[in-house]
Amino acid sequence: MSRLICGGAAGITSVTVTYPLDIVRTRLSIQSASFVALGQRDANEKLPGMFKSIVLIYRNEGGVIALYRGIIPTVAGVAPYVGLNFMTYESVRTFLTPEGEKTPNALRKLVAGAISGAVAQTCTYPFDVLRRRFQINTMSGIGYKYTSIWDAVKVIVAEEGLRGLFKGIVPNLLKVAPSMASSWLSFELTRDFLVGLEDN
């Protein structure tokens, strides 16, 4: 339980600090495609970069609040995601540790990391879908504008079914499982190295 709470608090902190960059990343990844008239944009037209995008969002879409649009479903997803990740990793790591040993080998740590990432991502993926929908909610030409989180859930389920809340989860899991496996292994190796230095 303490791993779950500490992981959740860490997730909320990191999201709050970096969220404007997340919105800009989402915008930059889709801005070259015009939702209104695909292919009609001038090929020589220069698209705004990271800093200009932040300024434009701030100036045209409602100030600081615009830079944090969609943060509620993000926090609602990230806090349990990071918490579940920590909790699941520690539980699986303990389960995979051979009797009489203090820690599992590198391969078992990789397996524990992959499982923890997959479990946490599957449980919280609908929040990720909502986050991305809200980040582009005010862009022109994308169709329906969601008025609230509940409105977004109702519209997605009505038009796309429950599967709509899990769109894209398979490629996401294919990314998250190895990513979390390598992250946890790197964390363990780095921690052991630093603890070893302290002991010496």
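Numerical summary
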| quantity | calculated |
| --- | --- |
| The chain, relative contact order in percent, only Cα pairs under 8 angstrom and at least six apart counted | 25 |
| Positive-end extreme of charge dipole, the chain - chosen from ALA10, ALA181, GLY70 (charges on Cβ) | GLY70 |
| Most mobile listed residue (LEU162, LEU130, LEU84) in the chain, GNM with C-alpha springs under 10 Å | LEU162 |
| The chain - charge dipole about Cα centre, Lys and Arg +1 at Cβ, Asp and Glu -1, debye rounded to 20 | 600 |
| Per residue accessible area in Å² of the chain, where ligands, DNA and RNA are left out and the probe is 1.4 Å | 60 |
| Solvent-accessible area, 1.4 Å probe, carbon plus sulfur percent, for region 77-138 | 67 |
| Most to least packed among 178-184, 107-113, 62-68 [average Cβ atoms within 10 Å] | 107-113, 178-184, 62-68 |
| In the chain, lysine pairs with alpha-carbon atoms under 20 angstrom apart (chain gap of 8 or more, or interchain) | 5 |
| Angle between the chain longest axis and helix 149-160 axis [Cα atoms, degrees, rounded to 10] | 80 |
| Dipole of the chain [Lys/Arg +1, Asp/Glu -1 at C-beta], most positive-end residue of LEU197, VAL155, ASN105 | VAL155 |
| Cα long-axis angle, helix 2-30 against the chain (0 to 90 degrees, to the nearest 10) | 30 |
| Helix 169-199 vs. the chain, principal-axis angle (Cα, 0 to 90°, nearest 10) | 50 |
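The values are calculated or read from the model by the stated rules, or taken from the named source; none is laboratory data. This structure is a prediction, so every number in the text was calculated from the model and none was measured. In this analysis, Cβ positions are derived from the backbone assuming ideal geometry, glycine residues included, and neighbour counts consider all displayed protein chains. We work out accessible area using only protein heavy atoms, side chains counted, and drop any ligands, DNA or RNA first. Shrake-Rupley method; radii C 1.70, N 1.55, O 1.52, S 1.80 Å.
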